[in-house]
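Take a look at the structure set out below.
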Amino acid sequence: MNDAGDYNAVIGLLKPWADKGTKLAQVYGQLAQAYNLSKNSKLALEYINKGIQTSQEDFLYFDLADLYRLDKKNKLSFDALRKGFQSKRLISETKIELS
């Protein structure tokens with residue numbers, strides 16, 4: 001998403017999937033990024049949190065941390081990073097990739 005005109009296209013494409021509760025975590029991450037880049041941090045946070053709950057993919061905590069950091073909410077950003085790094089599921093996946 002490099003072009004400002006792409007944000008609405010991305011939102012239009014991914015929002016219906018997220019609203020239906022897809023389990024694809026990347027949908028929520030990309031949708032949150034599009035909302036954030038289009039200056040709607042409230043919806044970005046809403047969709048990334050929905051993605052964490054719906055997909056159960058802990059890597060979305062890193063996206064959440066970025067959103068909080070950009071909003072200058074450093075404690076919330078740190079807390080989200082901690083949740084991501086403490087994820088046993090992510091640590092296991094990383095170990096598999098490194099072996």
- Message: Out of everything in segment 52-94 that is of a type in the set (F, W, Y) and over 18 Å from Q26 (Cα atoms), what residue ends up being least open to solvent (accessible area, probe 1.4 Å)?
- Response: Y68
- Task: State the number of residues belonging to segment 19-51 that are among the aliphatic types (A, V, I, L, M) and open to solvent by 20 Å² or more (accessible area, probe 1.4 Å).
- Result: 4
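The values are calculated or read from the model by the stated rules, or taken from the named source; none is laboratory data. As the structure is a prediction and not an experimental result, all values here were calculated from the model. Ligands, DNA and RNA are excluded from the accessible area calculation, which covers all protein heavy atoms including side chains. Shrake-Rupley method; radii C 1.70, N 1.55, O 1.52, S 1.80 Å.
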